[in-house]
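What follows is a single structure, written as structure tokens, with notes after it.
FYI, it's all coordinate maths here, none of it is from the lab. If you're wondering where the values come from, they're calculated on a predicted model, not measured in any experiment. No Cβ is skipped: glycine too gets one built from the backbone with ideal geometry, and neighbour counts run over all protein chains shown.
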Amino acid sequence: MKKLVFVALIALGFYHWYSKPNGQAVAHVATVHDHVYMYSLTTCGYCKKKAREMADEGILFTEYYIDKEPERNQELSDKLKKAGFTPQGYGTPILDVHGVMLPNNPSLDTIKKYLLAGQA
């Protein structure tokens, strides 16, 4: 019986991982709005690179540093929870594009996709 439970848990974990494109978390809507927010860490090189990429593309965004602003860290946690993400560690930067939560350093193409969808 223990082996069956163990195999079922492994299969469920694999399905959960496999059902996500490119190993990234699937986007979920928190609350629809007309802004782009980037939640970053002050020490995150990926965050700095993503900020440069978005600025170069002319994408307007507001950046919050969750390691310096505890209220923004709580805000991010609340948004992820409301969007249906499980409580776990997510990679930064995490973007909120028109209410769609994109954790784990989403690609610029993914950001643009949701940016255009929110403007339609």
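Here is how the numbers come out for the structure above:
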{"read-out": "Residue-wise HN-Hα coupling along the range 41-46, computed from phi with Karplus coefficients 6.51, -1.76, 1.60 (Hz; x: Gly, Pro)", "value": "10, 5, 9, 8, x, 5"}
{"read-out": "When the convex hull of its Cα atoms is projected in every direction, mean area for the range 24-119 (nm²)", "value": "5.5"}
{"read-out": "Aspartates and glutamates with Cα under 13 Å of K50, excluding same-chain neighbours fewer than 8 positions away", "value": "E63, D109"}
{"read-out": "Neighbourhood charge, 12 Å Cβ-Cβ cut-off, centred on N73 and excluding it, Lys, Arg +1 and Asp, Glu -1", "value": "-2"}
{"read-out": "Listed peptides 76-85, 42-51, 97-106 by packing density, highest first (mean Cβ within 10 Å)", "value": "97-106, 76-85, 42-51"}
